[in-house]
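Asks: I am attaching a structure below and will ask some questions about it afterwards.
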Amino acid sequence: MVKRDYEVFSGLSLERYFREKFMSEGRYSRMGGWWDRKGKNEIDLVCENEFSGVLDFYEVKRDAKRINLDLLAKESEAFFTKNPGLRARKASYRGLSLADM
């Protein structure tokens, strides 16, 4: 069971690590993961600074080679469709991996 679920568990732990790191740094006023109801589009971290107007989308992978920022930008379009009021924010697309710890 440990071998079977290790990848999922360690990926979620890595997301949690970056979320807690960002919270302690005070970089963002709101953050969390996002996915659509169909399960088609998933964004690991959506981080907003409501004061500066910044909206950062993050893909978190253990292996940096697996990060696909083009796919992240595409999935953010689904996010903006559901959250049109945030479209005016300055969006950026970034990847985080074990190397960024």
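Asks: Residue check, residue 40 against (1) assigned to a loop (DSSP other than H, G, I, E, B); (2) of a type outside the set (Ser, Thr, Tyr); (3) in contact with a Lys or Arg (Cβ under 9 Å, 6 or more places away or on another chain), all met but one. Which one?
Replies: Going through (1) assigned to a loop (DSSP other than H, G, I, E, B); (2) of a type outside the set (Ser, Thr, Tyr); (3) in contact with a Lys or Arg (Cβ under 9 Å, 6 or more places away or on another chain) one by one, residue 40 breaks only (3).
Asks: Follow-up. Cβ-Cβ below 9 Å, separation at least six or inter-chain, first residue in the range 1-24 and touching a residue at least 60 places away in the same chain (Cβ under 8 Å), second assigned to a helix (DSSP H, G or I) and not aromatic (Phe, Trp, Tyr): which pairs?
Replies: 14/98; 18/100
Asks: Then there's this: If you take the residues in the range 66-87 that are among the aliphatic types (A, V, I, L, M) and either outside any helix (DSSP H, G or I) or surrounded by 15 or more Cβ atoms within 10 Å (Cβ to Cβ) (or both), which one is nearest to the chain's Cα centre (by Cα)?
Replies: 72
Asks: Before we move on, is residue 94 of a type in the set (Lys, Arg), within 13 Å of the chain's Cα centre (by Cα) and assigned to a strand (DSSP E or B)?
Replies: Judged against the criteria, residue 94 is a match.
Asks: Only one of these is more than 16 Å from residue 11 (Cβ to Cβ), over 12 Å from the mean Cα position of the chain (by Cα) and among the acidic types (Asp, Glu): 56, 100, 36. Name it.
Replies: Of 56, 100, 36, the one residue that is more than 16 Å from residue 11 (Cβ to Cβ), over 12 Å from the mean Cα position of the chain (by Cα) and among the acidic types (Asp, Glu) is 36.
Asks: Can you tell me which residue in the range 1-37 is modelled with the highest pLDDT, limited to those that are more than 24 Å from residue 87 (Cβ to Cβ) and touching a Lys or Arg at 6+ places or on another chain (Cβ under 7 Å)?
Replies: Selected residue: 14.
Asks: Could you give me the residue pairs with C-beta distances under 9 Å whose first residue belongs to the range 48-60 and is crowded, with 19+ Cβ neighbours inside 10 Å, whose second residue is among the polar types (S, T, N, Q) and in a strand (DSSP E or B) wherever it lies, and which are 6+ apart or on separate chains?
Replies: Pairs that qualify, where the first residue is crowded, with 19+ Cβ neighbours inside 10 Å and the partner is among the polar types (S, T, N, Q) and in a strand (DSSP E or B), are 55/49; 55/92; 56/49; 56/92; 57/92.
The values are calculated or read from the model by the stated rules, or taken from the named source; none is laboratory data. Note that the coordinates shown come from a computational prediction; the quantities given were computed from them, not determined experimentally. Here Cβ is always computed from backbone atoms with ideal geometry, including for glycine, and neighbour counts include all displayed protein chains.
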